[in-house]
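Student: Here it is, the structure in full.
The values are calculated or read from the model by the stated rules, or taken from the named source; none is laboratory data. All figures in this text were calculated on a predicted structure; none of them were measured in a lab. Neighbour counts are summed over all protein chains in view; Cβ atoms, including those assigned to glycine, are modelled from backbone coordinates with ideal geometry. Keep in mind that these areas ignore ligands, DNA and RNA; they rest on the heavy atoms of the full protein, side chains included. Shrake-Rupley method; radii C 1.70, N 1.55, O 1.52, S 1.80 Å.
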Amino acid sequence: MGFKIAVVGATGNVGREILTTLAEREFPADDVVAVASSRSIGSQVSFGEDDVLDVQSLDNFDFRGTDIVLSSPGSKVSAVFAPRAAKAGAVVIDNTSQWRMEPDVPLVVPEVNPQAIAQYGKRGIIANPNCSTIQMVVALKPLHDLARIKRVVVATYQSVSGAGRAVMDELFSQTRSVYVADPIKPELLTKQIAFNVIPHIDVFMDEGSTKEEWKMAVETRKILDPDIAVTATCVRVPVFIGHAEAVNVEFERPISEAEARQALRAAPGVTVVDHRTDEGYVTPVEAAGEDAVYVSRIRRDPTVPHGLNLWVVADNLRKGAALNAVQIAELLVEKHLGKRRPATRSNVERLRTPDRVIH
Ligand SMILES: NC(=O)c1ccc[n+]([C@@H]2O[C@H](COP(=O)([O-])OP(=O)(O)OC[C@H]3O[C@@H](n4cnc5c(N)ncnc54)[C@H](OP(=O)(O)O)[C@@H]3O)[C@@H](O)[C@H]2O)c1
């Protein structure tokens with residue numbers, strides 16, 4: 001017997017990718033339902049190659065009987081609905097920033113801290129990290145294990161799909177406007193994105209960083225190691241799908257390029273493409289639609305005793321969001337939920353009594 005899954009935000013960039021990923025990976029689901037805002041009532045979304053799901057409204061959706069909710073409706077919506085879904089017995093795996101830094105909500109990247117999933121019963125919510133954080137920590141984990149990371153300096157080159165469907169449309173229409181010499185009026189982003197780059201993602205914080213930059217620092221520490229110092233500059237670039245990151249890493253212990261390359265090659269979720277030739281590195285266009293976190297341009301930073309530079313690229317909608325969430329769901333099912341639970345008892349109640357979990 002499989003599970004009942006609800007995808008909340010199913011009409012969005014991340015929700016659609018979640019549906020694709022569930023189907024591709026043959027997630028053990030008996031029933032998958034698509035949920036979005038009441039604006040989407042009457043619309044349909046694809047599930048796998050053959051199925052189409054009618055979209056239901058979140059406003060009156062009854063989560064009783066739902067085992068897992070894969071959620072991406074934005075933070076404000078998640079703040080309200082996720083506790084309601086958890087109370088009804090579902091485990092919510094949430095892509096928004098709403099729950100990530102709550103101490104009793106695990107923040108999980110399966111290749112890095114799968115053990116944290118065990119804490120899911122405290123709130124019935126598991127948080128999926130920010131897309132930029134996910135790809136960076138997947139690449140950093142094997143290097144941290146090898147030589148202990150002290151400090152990371154990262155600059156991101158983030159695609160517009162990271163800001164949702166409507167911002168992809170904004171890049172498309174502005175690009176068209178440039179070609180036909182129409183005036184450009186930024187609507188969702190703060191400045192023109194076509195043929196431009198914008199060093200401003202999410203809101204400014206008091207100390208001058210943007211919230212996206214802050215998220216990369218605090219999330220990395222929560223997932224990987226509270227002692228790692230991270231400083232980030234996050235930039236939106238006119239790319240549809242795929243985030244790239246220039247990552248400078250300073251280690252406590254010596255680490256050679258060859259050792260780093262070998263550790264990265266052996267690491268789960270990482271593909272090393274690193275040749276010092278014209279095409280010997282990966283760009284976002286090539287990473288789009290792929291599951292891997294690609295690492296290229298591995299080289300020593302000679303300005304510090306133990307330093308390396310890396311170029312890290314991944315599909316922000318897949319490993320940066322949907323794939324990571326579905327991998328969490330797979331681990332949850334495999335290690336914690338087991339077979340379908342009896343319908344008479346709420347999951348949250350079960351989760352608080354681990355001795356009763358059926359494996
Ligand atoms: N894109 C990424 O790379 C990425 C990565 C990690 C995390 N995230 C996070 O995931 C969330 C969604 O991102 P996205 O790129 O998928 O955005 P999106 O393309 O704009 O989609 C938003 C989704 O949320 C739904 N929604 C909005 N208001 C709602 C409401 N009141 N009730 C129910 N559903 C509602 C929308 O439904 P309607 O179509 O009915 O409006 C749509 O399905 C954001 O919080 C984002 O920060 C995104």
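Student: One quarter of the convex hull surface, Cα atoms only: what value does that give for region 145-268 in nm²? Let's see the in-between values first.
Tutor: Details: hull surface 38.3 nm².
The orientation-averaged projected area of the Cα hull of region 145-268 comes to 9.6 nm².
Student: What is the P(r) of region 271-325, as percent of Cα-Cα pairs per 5 Å bin from 0?
Tutor: Cα pair-distance distribution for region 271-325, in percent: 5, 21, 22, 19, 15, 10, 7, 1.
Student: So if R0 is 22 Å, what FRET efficiency would Thr175 and Thr283 give, r being the distance between their Cβ atoms, rounded to the nearest 0.05?
Tutor: On the way: r = 18 Å, r/R0 = 0.83.
Here the calculated transfer efficiency is 0.75.
Student: Still on this structure: Would you mind working out the accessible area per residue for the chain, using a 1.4 Å probe, and quoting it in Å²? Numbers along the way, then the final one.
Tutor: On the way: 16250 Å² over 359 residues.
For the chain, the per-residue accessible area is 45 Å².
Student: I would also like to ask the following. Which GluC sites (Glu not before Pro) in region 6-60 pass both tests, a DSSP loop state and at most 10 other beta-carbon atoms within 10 Å?
Tutor: Working: sites: Glu17, Glu24, Glu26, Glu49; in loops: Glu26, Glu49.
Qualifying residues, ordered by number: Glu26, Glu49.
Student: Do you know the relative contact order of the chain, to the nearest whole percent, from alpha carbon pairs under 8 angstrom that are 6+ apart?
Tutor: Details: 812 pairs, mean separation 65.7, N = 359.
Reported as a whole number, the value is 18 percent.
Student: Starting from the Cα of Ser38, step 7 Å toward the Cβ, then list every residue of region 1-30 with an amide N under 19 Å from that point.
Tutor: In region 1-30, the label zone of Ser38 (backbone N under 19 Å from the point 7 Å along Cα→Cβ) covers 8-11.
Student: Using the Kirkwood radius built from alpha carbon pairs, what does the Stokes-Einstein equation give as D for region 1-83 at 25 °C and 0.890 mPa s, in µm² per second?
Tutor: On the way: Rh = 12.7 Å.
D = 194 µm²/s.
Student: Could you give the distance between the Cα centres of region 222-269 and region 85-127, to the whole Å?
Tutor: Taking the Cα centre of region 85-127 as reference, the centre of region 222-269 is 24 Å away.
Student: Report the Cα-based extents of region 45-148 along its three principal axes, largest first, to the nearest Å.
Tutor: 51, 35, 23
Student: How far apart, in nm, are the 7 Å Cα→Cβ label points at Val52 and Lys211?
Tutor: With each label placed 7 Å out from Cα toward Cβ, I get 3.7 nm.
Student: Ok, one more. Suppose the chain between Arg297 and Ser75 were pulled fully straight at 0.36 nm per residue; how much longer would it get relative to their current alpha carbon spacing? Display every interim value, and only then the final one.
Tutor: On the way: separation 222, 0.36 × 222 = 79.92 nm, distance 3.51 nm.
Length gained between Arg297 and Ser75: 76.4 nm.
Student: Where the eigenvalues come from the Cα gyration tensor of region 247-304, what are the semi-axes √(5λ) of the equivalent ellipsoid, largest first, in whole Å? Each step should come with its number before you reach the end.
Tutor: Details: eigenvalues 96, 38, 21 Å².
So the equivalent ellipsoid measures 22, 14, 10 Å along its semi-axes.
Student: Excluding same-chain residues fewer than 8 positions from Lys141, which lysines have a Cα within less than 18 Å of its Cα?
Tutor: Lys150, Lys215, Lys222, Lys319
Student: Right, next: Given R₀ = 22 Å, what would the calculated FRET efficiency be for Glu259 paired with Asn309, taking r from the Cβ atoms and rounding to 0.05?
Tutor: Values: r = 15 Å, r/R0 = 0.68.
Plugging the Cβ-Cβ distance into 1/(1 + (r/R0)^6) gives 0.90.
Student: What is the percent of Cα-Cα separations in the chain that go past 32 Å? Spell out each step's value before the answer.
Tutor: Values: 20883 of 64261 pairs.
Across the chain, Cα pairs with separations above 32 Å total 32 percent.
Student: R0 = 30 Å: FRET efficiency of Glu24 with Ala166, Cβ-based, nearest 0.05? Can you show the working numbers first?
Tutor: Values: r = 26 Å, r/R0 = 0.86.
FRET efficiency, Glu24 to Ala166: 0.70.
Student: At 0.36 nm per residue, and after removing the present C-alpha to C-alpha distance, how many nm does the segment from Asp59 to Met101 gain when stretched out fully? Each step should come with its number before you reach the end.
Tutor: Details: separation 42, 0.36 × 42 = 15.12 nm, distance 2.60 nm.
That works out to 12.5 nm of additional length.
Student: Let me test this: with uniform point scatterers at the alpha carbons of region 195-242, what is the Debye-based log₁₀ I(q)/I(0) at q = 0.14, 0.20, 0.27 1/Å?
Tutor: Those come out to -0.41, -0.72, -0.98, one per q.
Student: Same structure, new question: Using helices alone, I'd like the mean residue ellipticity at 222 nm for the chain: each DSSP H run of four-plus residues gives -39500 (n - 2.57), total over residue count, nearest 500.
Tutor: On the way: 9 runs with 99 residues, N = 359.
The helix-only estimate for the chain comes to -8500 deg cm²/dmol at 222 nm.
Student: Please list log₁₀ I(q)/I(0) at q = 0.11, 0.20, 0.23, 0.26 Å⁻¹ for region 102-175, using the Debye equation with identical point scatterers on the alpha-carbon positions.
Tutor: Each listed q corresponds, in turn, to -0.44, -0.95, -1.05, -1.14.
Student: Right, next: Would you mind estimating how fast region 139-184 diffuses translationally, via Stokes-Einstein at 4 °C and 1.567 mPa s with the Kirkwood radius over Cα pairs, in µm²/s?
Tutor: Values: Rh = 13.9 Å.
This corresponds to a translational diffusion coefficient of 93 µm²/s.
Student: Over region 21-103, what is the mean sequence separation of C-alpha contacts under 8 Å (at least six apart), divided by residue count, expressed as relative contact order in percent?
Tutor: Numbers: 108 pairs, mean separation 19.1, N = 83.
Once normalised by length, the contact order is 23 percent.
Student: Can you work out the base-10 log of I(q)/I(0) for region 213-313 at q = 0.17, 0.18 1/Å, using the Debye formula on its C-alpha atoms alone?
Tutor: So the normalised log intensities work out to -0.92, -1.03.
Student: Now a separate question. What does the accessible area of Leu188 come to, in Å² to the nearest 10, when a probe of 1.4 Å is used?
Tutor: Accessible area of Leu188: about 100 Å².
Student: What does the charge count around Ala329 come to, taking other residues whose C-beta lies under 10 Å from its C-beta (Lys +1, Arg +1, Asp -1, Glu -1)? Can you show the working numbers first?
Tutor: Working: positive: Arg25; negative: Asp67, Glu330, Glu334.
Combined, the nearby Lys, Arg, Asp and Glu give -2.
Student: Among Leu143, Val55, Ser78, whose Cα sits farthest toward the positive end of the charge dipole of region 16-145 (+1 at Cβ of Lys/Arg, -1 at Cβ of Asp/Glu, about the Cα centre)?
Tutor: Ser78
Student: Now, a different point. In debye, nearest 20, what is the charge dipole magnitude of the chain about its Cα centre with +1 on Lys and Arg Cβ and -1 on Asp and Glu Cβ, if you could check? Write out the running numbers ahead of the final one.
Tutor: Working: 41 positive and 46 negative charges, 195 e Å.
Computed charge dipole of the chain: roughly 940 debye.
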